[in-house]
1. Could you look at the range A:249-305 and say what percent of its accessible area is carbon and sulfur, using a 1.4 Å probe and all protein chains?
2. What average number of partner chain Cβ atoms lie no more than 10 Å from the Cβ of the residues making up B:37-46?
3. Which semi-axes, in whole Å and largest first, does the equivalent ellipsoid of the range B:218-375 have when worked out from the alpha carbon gyration tensor as the square roots of 5 times its eigenvalues?
4. So, taking all protein chains as they sit and a 1.4 Å probe, how much accessible area belongs to B:L60, in Å² rounded to tens?
5. Can you check what the net charge comes to around A:P249, using other residues whose Cβ is under 9 Å from the Cβ of A:P249 (Lys, Arg +1; Asp, Glu -1)?
6. I'd like the carbon and sulfur percentage of the solvent accessible area for the range B:325-463, probe radius 1.4 Å, heavy atoms only, ligands and nucleic acids excluded.
7. Determine, from the Cβ-Cβ distance of A:E265 and A:D560 and an R0 of 60 Å, the FRET efficiency 1/(1 + (r/R0)^6), rounded to the nearest 0.05.
8. If you take every residue apart from B:A297 with its C-beta less than 14 Å away from the C-beta of B:A297, what net charge results, scoring Lys and Arg +1 and Asp and Glu -1?
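The values are calculated or read from the model by the stated rules, or taken from the named source; none is laboratory data. Source: prediction; values computed, not measured. Every residue, glycine among them, receives a Cβ derived from its backbone with ideal geometry; neighbour counts consider all protein chains shown. All accessible areas refer to the heavy atoms of the entire protein, side chains included, with ligands and DNA or RNA removed. Shrake-Rupley method; radii C 1.70, N 1.55, O 1.52, S 1.80 Å.
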Amino acid sequence: MTNSRPDLLLETLTRLLGPERCLTDAATRAVYALDASRIPLGSPLVVTLPHTPDELATIISLCVERQVPWVMRGAGTGLSGGAVPGDGSVVVSTAGLDSVGLVRPASRLIRVDSGVRNETVSRIARPHGLQFAPDPSSQSASTIGGNVAENAGGPHCLQVGVTLHHVAGLEWVDPHGRRWFTGRSLSCERGLDLLALLTGSEGCLGCVTSADLQLIPLPTSVATLLAFFPELRAATQAVVDLLGAGLLPSAVEIVDQAVLQAVEEAFHFGFPTDVAAAMIVEIEGVSEAVAEDTSRTEVLLRQAGASRVRQAADETERQELWTCRKKAFGAVGRITPNYVTMDVVVPLGRLPDLVDAIGEIVTAHGVRIVTAFHAGDGNLHPGVMYDARDPDSTARGHAAADAIVQAVLQRGGSITGEHGVGLEKKHVFALQIDRVAGRLMADMVALFDPAGLCNPGKVLPPLAELTLVPPPPPNDMDFQWDSLTVTASAGTTLAAIQTRALERGYWIPVGAVRTAKDGSGLGAAGRVVDLVDQLLAGPSLLGRCSVRDVLLEIWAETGDGAAFHAGAPLFKNVAGFDLVHLFCGAAGMLGRLRAATFQLRPLPETAALWSFHLRDGVLSPDDLWRLLDRLRTWDRTLSAPTCIIDGFDVGSRGVTVLAAGRDRPWDLDRKQQELRHWAETAGLEFSHETRRPFAGLVELLVDPGLPVWSRHSPDWTSLARLPDHEGWPEFLATGRTIWQGAPELLWMPLAFHARETGWHIDTLFRAGEVTELPPPADTVPIDLLRRLKDLFDPQGLRGEPKWLERTREAAP
Amino acid sequence: MSEHKATSGSPPATGPIGAGQPDDLDLLLRACIQCGLCLPYCATYRATGNEAWSPRGRLLLLGRFLAGEVDSAEPGYLEAFDRCLGCRACETSCPSGVPFVLFEHLKAEAFTRLDLQLPLPLPWLASRWRLRSLRWVSGWARAVLSRWLGRDWRRRLARRGGRLQRWSRLLGSLPHAVSSDKALIRMLDGLQARNPGRVDGPATDSADPQPASSGTKETARDPHPGQAPAPRLVFFQGCANHGLLPDSSRRLLALLRAAGCDIVTPGGQTCCGALARHGGAPALADGQREQNLRILAQQRARWDYLVVEAAGCGQELMEYSEELATRIRDAVQLLAELPLPAPRRVALDVVYHDPCHAVHGQGIQAAPRRLLAAIPGLRLVEPEDPLVCCGSGGPYSLRYPELATLMGRRKAAALAATTAHCVVTSNPGCLGQIADGLALGAPELPIIPLTDLIWYAHGGPDR
């Protein structure tokens, strides 16, 4: 860095922030040199405490101008060293960026600055009956900015996914100091999924200043089971059995005896300390379903060898139980001052096997470990204990840790599920990421940050270390029933996969694509490649996920034919940058998909379909909003822990509503009543109702004869979208319900901005109320998207969408 | 131990802080795994965002001291310790069980090393008649200011800056409460009358009929029917309470008497010594301790508990001797245990602020809530970050008025963000500090001592 002028930078920063928020004293710099990972790297030049996104952006611009590297820092609770500064860098702390926007219950969104704590978001959402799902154990301290940067997980990610699945938009500053707003809708389908790329990028691609977070409804009923096992392996096998039986709890946690003892010493909960493992299983949903699932779970756990199973008596006890679990990491400090905190993941079915392997490693190396599991995700945190004052003990501890990583990778696992690579796992990165994918990631970082100033030295090891040859793509379908995944080659039809899955009571939770009016849809011929490239899918699923949310792993080729592999068949995986979701919805413009792995979900039990005809004229927006509100309340009363589909389609002829889940007949009667009541006031005629077991709706999933869904998979953000052509609203999505307006429906009062790239709606109006979205920081970072496209496809062999072409012409 | 020896040879002025307790410090440091879960509980970190002023940061700096990597002349080190409020919220939150209480000793040392001076000679002030006069003078000044500048005089003066701002802060944060019983009753009656539309929570409805029944009143008047006799109490006055809030103390005694207790208030007692100890005058503190112990020893009659009104005094008194520590009872604890006269209906939302010395120092958290929950119609609401200190910290707020104001305003904002019609707390320091924060940010929200509200709810026993 020849032009680096830290002295000038210091002067400007002090002028900008004042001496209290621009800290250069030795003590402060010593404190900020480390985070919870305790990995030293260097000593920062200065610590800055911006109070507004504007100040933050200015700081970044100044750093760029003076060519001084910077690192973002939230609460410094990260365990991989992602926020540790190098020598002479600027620490940009988000501690002062703590303003919280209003909860927008209609769209289930909240906008918060990146310094807001995770726990605060859920606390604010609670009065609206909503919650923010990702709940890392550090949630009382860790910030949203950090959660987004690390793609944080937590215990409650089994059913509803990790941070990536709950971020609807990000306001961020790129490494050139420019500000952008990236929404989910802007990036999917009509661009590249920058949102997914930024989430989990460990602060190397940009700095998040604020985030639109997607909230989900609080469950109506929760049951928490506590089980004790005389053997650790039996406990992990019990989890495999539990999920294999079609149950999908919201969280399944295991802690081993050592953790249990530490926690008991710290919190005096009353745990027995003579058992080998304790398990917490949490089941959420409607009360009948919860009661049913709870008793099934109890039986299964006992069969699997649990010595005691009991249910948390009340909410207080449940909260205490979770406090114990979440503070377990800290409590381990009581046993040992030093331990290697690992964060490995294996496919669920391999978990018991891995536990055995770890047992052998521990014996062979003569070390002691403590382990806490997010067992349902196959994610475990073995802590290998050592004494830093004893070199031999330190060496043995690290050797054991490396052996565990090897054992995990042999079983198709990942080096990190939620902590990130940072500094800590750089040395094992090359064991998992192949050389082509690794190079693509490195090029991508260089593309975003050519000067290497944005959190340099993290995640990626030197390119020379990357030697792994990409594995060949699988040729056909391969179901991993005990791990709940399916891998299929690009040409496999969705129908073929679903048919096989349905036999076992599972499905990829997406519907089939109906043949559209212009013949562009694919019907039963829809293939994996269409699913991934176009995000083509039928009904809204669960209101909580789309193809994007169940895609775990890809094999692909870049434009010039270099094969690579990205992701892993795991529900949690944050090793490296997210190439999987970059390919998802990119319309094939980056390369050719060869195969993909999806998550399987238990099948819903029941389905009901109601259709209403329009008598004459069109549906008023007010009536539609009323329907939306109605459907939203269903979410909470119906929400089975496994699957629900609620959605509706508005065409020129009428409205169709589908509900799938675990409704009892009386639930369906009530829903029908509600809908008919609504239809009467809205001037619609009830035409027919279909009720049957969900599996009976097989035609909906493999061959959509039903006039329900058209081609676009909804993404349930309130940032609505308009297609390029003529600017008619094709569909708008809000909350978990979707409507699709045919071009002839012109009642939607919308305010939208014309952009160079097409149409983009910023504001959704409903009569008398504005469901506002704050104006985006700027337009799409089109130059970044274009360069990303060029990186993957330098010769332009894969073609590119019109919007990108146009910008090329416009660019000088 | 070896780490300590490495630096103990250096001259005392630059020697390591806490040189007297190397074993304890080693324990302190090794237990901390730097997880950072203490950060959200630390008032100085929350107010400034500076991690060097957080428990984790301070421990890290301490470690570097002990390792001999730096000396106290390095800028920022001693300040980091000195800015610690000593609220011990970190100790409550720490999953690893780090005994942060040792910070307090370090703080005292930092105080002497940095040669800090208080703007007011607090330990000197802590005498009965001086505080009394202060109360009269401040009451008079407040009256004049509100006549002259209106009810939001504090906010107006705060805008002026400079010395005026500093004196107005002193005046604003001096604990005060309604002195006449009639005025207190009028105030709380008025507060209820102004908020008639309050929606009752389900808990209040179920609690309603029970105390209203005629039989209960009699039994309540006759404490401990068929049980052990009511405890015999010695009352520790505490200088701030006695000097500045004498009427609240009077109401407390009335309540205790109504519950059947026998109370003695020995003359000659003096300040517990906490102010002097934390204000850098340990010798004075020791003298005060001796005097108080002598007074207690002179009590001829048998007594069960020493009742302490301010949690800060309670904590200091517990340091006197282990034998005494077992006999000290916080007034709130005692009130929650004793059979008080049947409460009347108080239809208000109330938010309770936990004084750090009670909740973190003595683990008193359930008692005040139990006490408030027993009042029919009253709904207890919880604020955001209930465990974070208000920033009073005894002499702290005088030493760092700006930082203390920042913390006070944050606390006041969190309290005002609830649906509460009234804030209550049980420590004079918190009372003044939060009152000042409210005066600046939410002047419509009143704050009163917990005992005043309990006295009002339980019929105002002596009215």
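1. Details: 960 of 1990 Å².
Summing carbon and sulfur atoms, their accessible area is 48 percent of the total for the range A:249-305.
2. Numbers: counts 13, 3, 11, 7, 2, 0, 0, 0, 2, 2.
That average works out to 4.
3. Taking √(5λ) for each eigenvalue gives 28, 19, 13 Å, largest first.
4. The accessible area of B:L60 comes to roughly 20 Å².
5. Working: positive: none; negative: A:E282, A:E284, A:D293.
With Lys, Arg at +1 and Asp, Glu at -1, the neighbours total -3.
6. Working: 2090 of 3900 Å².
Carbon and sulfur atoms account for 54 percent of the accessible area of the range B:325-463.
7. Working: r = 59 Å, r/R0 = 0.98.
Efficiency, rounded to the nearest 0.05: 0.55.
8. Values: positive: B:R289, B:R294, B:R300, B:R302, B:R327; negative: B:E290, B:E323.
Its environment carries a net charge of +3.
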